[in-house]
Amino acid sequence: MKLTEAHIALATLGIATGCTGPADSQRSGIAFTDVTVIDGTGAPARSGQTVVVPGERITFVGSTEDTTVPVGVRIVEGTGLTLIPGLWDMHVHPDDPEIWELIDPPPHLRDVFMPNFVAWGVTSVRDTGGRWDVIQDWRPRIESGDLVGPRIVAGGPLVDGPEPSWPGSVAVADAASARTAVDSLADVGVDFIKVYSRLPNDAFHATVERAHERGLKVVGHVPNDVTLDEALEAGMDNQEHMLQMPQAFSDFDEIVASLRSEGIDPDSPEGGLEAARRAAEGYDPEAAAAYYRRLAQAGIHVTPTLIVWRRNAYYDPDDPVATPLLDLVPEYLRTWWTPEVNVHLRSRTPESVQRLRTYYASWLRIAGDLHAAGVPLMAGSDTGGNPHLLPGFSLHEELELLVEAGLAPMAALQAATSTPARFLGVLDEVGTIEAGKRADLVLLDGDPLTDIRNTRRIAAVMLNGRYWGPQDREVLLEEIRQRAAGSRSPAG
């Protein structure tokens, strides 16, 4: 259903700006009545519910018929609407090292990332690589209300090999320097360790061992010098992007050897495309399923980031979904996303594009196979330097691709709600709609269980008890546009 004027009147009592503190009227608390609740636990949707939020936390979830709303709490009529937990994006780079090649964004433009997440119902993010000082700047400003933004879990700089892929990374050459790197990051308070592709084998094992000794999870790329089996046996907690999987389960070494025997260079554009085709054709579902079952048994999580693979494989400068929303990101990012500048686009060839599309089809299948084997998946967009990945919005695209891969809409929602919260050890605080939890909520004008695309139909957002109704959200989006255009100062 569409929000009526009555809904709007009840839901929004007006705040002067979406980027400053809430008006006094918003501090009285809110009760969502007669709403359908999808609580994130996997339980079926429940209609006719009331959810009471007198402050920062939910105090009651139950049948509207059996509920008396406390005096002084404003009522948001939820008939025909659906309430879901606030969403997690488990792979973001708001301060992406890739972009530093073009520009080190000034703070007031870099800040534009943050309110975008909230406007699209993403109330929590995991920053998987950037400067720790930027995170330390954002967090207190978000907590104080000076900057609208999600709660942030962050790993600080990447831990990579002696010649890192990106600037700002911690360069590690061996096991000893790996342990030193982990200690230095743990000492400044990072929430986890992110490993990257060029990390040497011995350094990878030392990183995982030392991180676990310091009570930190290890996430990221399975390094080029590490096999999937080694990553699993070492106890790497979260594999990002499904790297190596298309090759590992198609006897890729044999494919490469066969190409060389035929006089085809597998490192050439044409040879690489042929290798990708043969890998896709030779995918062994039984061998893959055996490994996926081992991942599931070990409790290893995977963040597929299907949307980044799709965006890069099918980049369109006039993309009908992304381009209408480009005014929500600053000019430096729009420039970085152009084919002439972007590191992912500027060396494209017809062969490389087709190769990426071939691999994308494999990754889509693999994501479904991982889920079918019981591997816990987490939704992540990789927004940052990758083209046309819009902060906040592209998480909804990832949910749609997870469903396309074979997940039921309920499972896709959990990949962005309770599963990330459980993985990060904060399920007692966020991730589901239950009494006692933080009031991170998204009100939808549609049922995501009948069509996952309905997560885009956002009627209202609540973060830690702070509420943006329909009009407030429009004000917030307009302020983001003004900031992205450089017409607003960084305050707020």
Task: All positions within region 284-296 that are open to solvent by 20 Å² or more (accessible area, probe 1.4 Å) and touching a residue at least 60 places away in the same chain (Cβ under 8 Å) - done: Pro285, Ala289, Arg293, Arg294, Ala296
Task: Considering residues of region 345-365 that are of a type in the set (Lys, Arg) and over 16 Å from Asp284 (Cα atoms) only, the residue most open to solvent (accessible area, probe 1.4 Å) - done: Arg346
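So which of Leu333, Leu326 ends up being in contact with a His (Cβ under 9 Å, 6 or more places away or on another chain), under 21 Å from Ala484 (Cβ atoms) and aliphatic (A, V, I, L, M)?
Numbers: Leu333 fails: in contact with a His (Cβ under 9 Å, 6 or more places away or on another chain).
Result of the check over Leu333, Leu326: Leu326.
Quick grid of which residues meet (1) at pLDDT below 95; (2) touching an Asp or Glu at 6+ places or on another chain (Cβ under 7 Å); (3) among the charged types (D, E, K, R); (4) open to solvent by less than 10 Å² (accessible area, probe 1.4 Å):
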position	(1), (2), (3), (4)
Pro376	no, no, no, no
Ala379	no, yes, no, yes
Asp382	no, no, yes, no
Pro387	no, no, no, yes
Gly392	no, no, no, yes
Glu400	no, no, yes, no
Ala405	no, no, no, no
Ala412	no, no, no, yes
Ala415	no, no, no, yes
Task: Selected residue [more than 30 Å from Val442 (Cβ to Cβ), among the β-branched types (Val, Ile, Thr) and out of contact with any Cys (no Cβ under 7 Å at 6 or more places or on another chain)] from Val172, Val153, Val134 - done: Val172
- [ ] Note down all Cβ pairs under 6 Å where the first residue falls in region 449-467 and is open to solvent by 10 Å² or more (accessible area, probe 1.4 Å), the second is in a strand (DSSP E or B), and they're at least six residues apart or on different chains.
- [x] Asn454/Leu444; Arg457/Leu444; Leu463/Thr123; Asn464/Arg438; Gly465/Val53
Task: Subset of region 212-231 [open to solvent by less than 10 Å² (accessible area, probe 1.4 Å) and either under 19 Å from His93 (Cβ atoms) or modelled with pLDDT under 95 (or both)] - done: Val218, Val219, Gly220, Val222, Pro223
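Each row is one residue, and each column tells you yes or no for (1) within 11 Å of the chain's Cα centre (by Cα); (2) under 20 Å from Gly431 (Cα atoms).
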| residue | (1), (2) |
| --- | --- |
| Ile366 | no, no |
| Asp369 | no, no |
| Gly374 | no, yes |
| Leu377 | no, yes |
| Gly380 | yes, yes |
| Gly385 | no, no |
| Ser394 | yes, yes |
| Glu397 | yes, yes |
| Glu400 | no, yes |
TODO: Could you tell me whether Val71 is of a type in the set (A, V, I, L, M) and open to solvent by less than 10 Å² (accessible area, probe 1.4 Å)?
DONE: no
Task: Residues (touching a Pro at 6+ places or on another chain (Cβ under 7 Å) and not in a helix (DSSP H, G or I)) located in region 353-390 - done: Leu377, Met378, Thr383, Gly384
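Yes/no per residue for (1) in contact with a helix residue (DSSP H, G or I) (Cβ under 9 Å, 6 or more places away or on another chain); (2) of a type outside the set (A, V, I, L, M, F, W, C); (3) over 24 Å from Asp95 (Cβ atoms):
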| position | (1), (2), (3) |
| --- | --- |
| Glu270 | yes, yes, yes |
| Asp284 | no, yes, yes |
| Ala313 | yes, no, yes |
| Val321 | yes, no, yes |
| Leu325 | yes, no, no |
| Trp337 | yes, no, no |
| Asn342 | yes, yes, no |
- [ ] For region 172-211, name all the residues that are touching an Asp or Glu at 6+ places or on another chain (Cβ under 9 Å), open to solvent by 10 Å² or more (accessible area, probe 1.4 Å) and under 27 Å from Ala288 (Cα atoms).
- [x] Tyr196, Ser197, Arg198, Pro200, Asn201, Asp202, His205
Open item on the list: Just to verify a result, which residue in region 58-75, among those that are in contact with an Asp or Glu (Cβ under 9 Å, 6 or more places away or on another chain) and in contact (Cβ under 8 Å) with a residue 60 or more places away in the chain, is farthest from Gly86 (Cα to Cα)?
Closed with: Val61
Task: Residue list for region 324-344, restricted to those being in contact (Cβ under 8 Å) with a residue 60 or more places away in the chain, open to solvent by 40 Å² or more (accessible area, probe 1.4 Å) and assigned to a helix (DSSP H, G or I) - done: Asp327, Glu331, Thr335
- [ ] Return the residue satisfying two criteria in turn: it lies in region 396-454 and is polar (S, T, N, Q) and in a helix (DSSP H, G or I), and of such residues it is farthest from Leu216 (Cα to Cα).
- [x] Asn454
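The values are calculated or read from the model by the stated rules, or taken from the named source; none is laboratory data. Keep in mind it's a predicted model, so treat the numbers as computed, not measured. Cβ coordinates were reconstructed from backbone atoms using ideal geometry, including for glycine residues, and neighbour counts include every protein chain displayed. Accessible surface areas use protein heavy atoms only, side chains included; no ligands, DNA or RNA. Shrake-Rupley method; radii C 1.70, N 1.55, O 1.52, S 1.80 Å.
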